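Working notes, beginning with the structure itself.
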Amino acid sequence: MGVVQKIVLAGVVMGGLGVLFGFILALVERRFRVETDPRIDEVEALLPGINCGACGLPGCRGAAEAMVAGTAEVNQCSVGGQAVADQIGSLLGRSAQTGPVKIAVIHCCPSLKNPPQYKDIHTCLGYQSLIGSTLGCSYGCVGLGDCAQVCPSDAIRQDKNGRMSVVQELCIGCGLCVKACPRSAIRLHEEQHFLQLLCQNPENGKAVLAVCNSGCIACGLCVRACTHQALRLEDNLPVVDYANCTECGLCVEKCPKHCLIIGTQQGQERVNAS
Amino acid sequence: MVLKGLFLILISSALVNNFVLSRFLGICPFLGVSQKIETAVSMGWATTLVLVVSAIVTWSLEQFILLPFGLEFLRYVAYILVIASMVQVIETILAKTSPALHRSLGIFLPLITTNCAVLGLALLVALKSYNVVEAAVFATGAGLGFTLALALLAGIRERLEWADIPEAFQGTPIILITAGILSMAFLGFAGLVAQ
């Protein structure tokens with residue numbers, strides 16, 4: 001057989017095979033088609049796509065499927081917020097209100113007198129389960145970064161004292177760190193609630209002073225300094241009435257332990273200092 | 001007699017000349033899908049299915065089209081065409097019959113197309129001039145050996161997570177060293193079947 005003939009034959013055979021297998025694929029595709037609602041893809045495209053799981057569903061695809069099926073609310077994505085809820089709502093013909101934007105705050109700014117040693121323990125949960133709180137403060141940040149591990153936007157950093165803090169500009173308010181902290185030291189607050197206390201130790205001043213150089217000693221100077229009746233002491237910790245707070249900063253100045261902060265200071269200053 | 005020959009082929013392709021650990025084919029899924037034993041074994045079964053189906057179809061292609069027309073030089077291209085189509089067929093069927101398995105394998109299912117073990121198997125069948133039954137048994141053995149290698153590495157990797165590994169070796173280095181030692185261990189089968 002001549003060379004040219006062979007080339008032509010090769011082309012014909014390959015072409016024929018291509019058509020044959022194309023045919024087979026089309027047949028199989030038709031026989032085994034899985035019907036999916038095209039809206040699921042559209043909703044998935046509207047969602048942030050971070051797959052953080054804060055909505056309680058398995059990733060953004062799972063959330064899209066649940067929203068289309070009606071088993072989830074269109075506002076269930078706290079990361080997407082109202083904007084995304086509105087878009088999905090108009091696509092599916094439903095609507096829901098979202099709450100205010102939330103930011104995580106880690107309520108601890110310690111300089112512990114006897115910082116715990118972490119030989120061979122690599123997680124906060126491990127430390128809490130195995131050792132608990134024999135050294136240092138039982139309410140404060142362990143510093144082994146369970147929260148930073150789960151944060152989908154890498155918003156939690158470690159400062160030079162070894163404690164974790166949230167960079168507020170990066171926080172998407174998913175709440176995964178809240179669940180991860182074994183000391184429950186992280187809480188979600190509305191973005192507008194700028195005044196925050198970086199301590200959650202409810203023991204009296206003497207007990208706190210014995211373990212930490214910067215914990216709240218319930219001296220009450222902040223309460224007395226406030227001219228807007230926005231602070232009161234409860235369980236040895238100041239509680240903020242955000243309706244009255246004007247972020248004037250008098251309490252922050254007066255605090256002898258420097259454990260009150262306003263706004264994004266926590267994120268910026270502590271990250272810069274580390 | 002015939003059965004003995006088939007059994008020897010099975011043992012040979014599964015253990016003695018294990019596709020992953022002796023022939024060094026299919027390293028990509030070997031390293032990529034061996035984090036957990038469950039997914040590793042699922043991947044193994046999927047690959048075995050692809051191997052057997054491709055072996056039979058490529059054998060038919062060889063016998064009825066390539067050889068009669070003297071188009072052996074088209075082997076590589078034609079085989080890849082067949083393998084790619086077969087994998088797509090299997091994926092489509094799997095998506096309908098077992099969505100959970102389909103989802104857990106994810107992107108690695110279509111990647112079986114590029115698994116050199118599949119093409120390698122098809123070419124070896126042609127090289128050794130097996131008949132269709134021998135080819136099917138060869139493919140089954142290859143698949144079983146592949147699954148075994150994956151499961152072994154997955155088991156070791158699951159244990160390695162709790163081990164105290166020096167920082168320089170953490171991650172890929174220790175896995176590659178482990179794979180090498182596994183490979184050496186499988187040398188123990190050498191000579192089991194006179195090849």
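A compact table of results
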| item | result |
| --- | --- |
| Pairs, first at the interface with chain B (Cβ under 10 Å from one of its Cβ atoms) and within 21 Å of B:Lys96 (Cβ to Cβ) in region A:30-46, second in a helix (DSSP H, G or I) and modelled with pLDDT of 85 or more, C-beta under 8 Å, six or more apart | A:Phe32/B:Thr92; A:Phe32/B:Ile93; A:Phe32/B:Ala95; A:Phe32/B:Lys96; A:Phe32/B:Thr97; A:Arg33/B:Lys96; A:Val34/B:Ala95; A:Val34/B:Lys96 |
| Out of B:Ala154, B:Ala139, B:Ala179, sole residue that is touching a Lys or Arg at 6+ places or on another chain (Cβ under 8 Å), under 23 Å from B:Thr47 (Cβ atoms) and assigned to a helix (DSSP H, G or I) | B:Ala154 |
| Filtered residue count, region A:127-147, keeping only those that are surrounded by 18 or more Cβ atoms within 10 Å (Cβ to Cβ) and at negative phi | 10 |
| Any pair with Cβ under 9 angstrom, 6 or more apart, that starts in region B:1-19 at a residue that is closer than 9 Å to B:Val193 by Cβ and in contact (Cβ under 8 Å) with a residue 12 or more places away in the chain and ends at one that is charged (D, E, K, R) and buried (at least 17 other Cβ atoms within 10 Å of the Cβ) | B:Ile9/B:Glu134; B:Asn17/B:Arg23 |
| In region A:22-55, the residues that are within 21 Å of the chain's Cα centre (by Cα), more than 18 Å from A:Arg94 (Cβ to Cβ) and not hydrophobic (A, V, I, L, M, F, W, C) | A:Pro48, A:Gly49, A:Asn51, A:Gly53 |
| Every residue from region A:1-19 that is facing another protein chain (nearest Cβ under 9 Å), of a type outside the set (Val, Ile, Thr) and surrounded by 10 or more Cβ atoms within 10 Å (Cβ to Cβ) | A:Lys6, A:Leu9, A:Ala10, A:Met14, A:Gly16, A:Leu17, A:Gly18 |
| Qualifying residue in region A:64-77 (condition: among the hydroxyl-bearing types (Ser, Thr, Tyr), within 41 Å of the chain's Cα centre (by Cα) and away from chain B (no Cβ under 14 Å)) | yes |
| Count of region B:9-33 residues which are buried (at least 21 other Cβ atoms within 10 Å of the Cβ) and of a type in the set (Phe, Trp, Tyr) | 2 |
| Of all residues in region A:30-65 being surrounded by fewer than 19 Cβ atoms within 10 Å (Cβ to Cβ) and in contact with an Asp or Glu (Cβ under 6 Å, 6 or more places away or on another chain), the one that is modelled with the lowest pLDDT | A:Arg61 |
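Per-residue answers, yes or no, for (1) closer than 24 Å to A:Ala54 by Cα; (2) in contact with a helix residue (DSSP H, G or I) (Cβ under 9 Å, 6 or more places away or on another chain); (3) β-branched (Val, Ile, Thr):
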{"residue": "A:Ile121", "(1), (2), (3)": "no, yes, yes"}
{"residue": "A:Leu125", "(1), (2), (3)": "yes, yes, no"}
{"residue": "A:Asp146", "(1), (2), (3)": "yes, yes, no"}
{"residue": "A:Ser153", "(1), (2), (3)": "yes, no, no"}
{"residue": "A:Gly162", "(1), (2), (3)": "no, no, no"}
{"residue": "A:Leu176", "(1), (2), (3)": "yes, yes, no"}
{"residue": "A:Arg187", "(1), (2), (3)": "yes, yes, no"}
{"residue": "A:Leu195", "(1), (2), (3)": "no, yes, no"}
{"residue": "A:Asn204", "(1), (2), (3)": "no, no, no"}
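Conditions (1) at pLDDT below 85; (2) within 14 Å of another protein chain (Cβ to nearest Cβ); (3) loosely packed, with under 13 Cβ neighbours inside 10 Å; (4) more than 26 Å from B:Ala95 (Cβ to Cβ), marked per residue:
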position: A:Val28; (1), (2), (3), (4): no, yes, no, no
position: A:Leu91; (1), (2), (3), (4): yes, no, no, no
position: A:Lys102; (1), (2), (3), (4): yes, no, no, yes
position: A:Val105; (1), (2), (3), (4): no, no, no, yes
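The values are calculated or read from the model by the stated rules, or taken from the named source; none is laboratory data. Note that the coordinates shown come from a computational prediction; the quantities given were computed from them, not determined experimentally. Cβ coordinates were reconstructed from backbone atoms using ideal geometry, including for glycine residues, and neighbour counts include every protein chain displayed.
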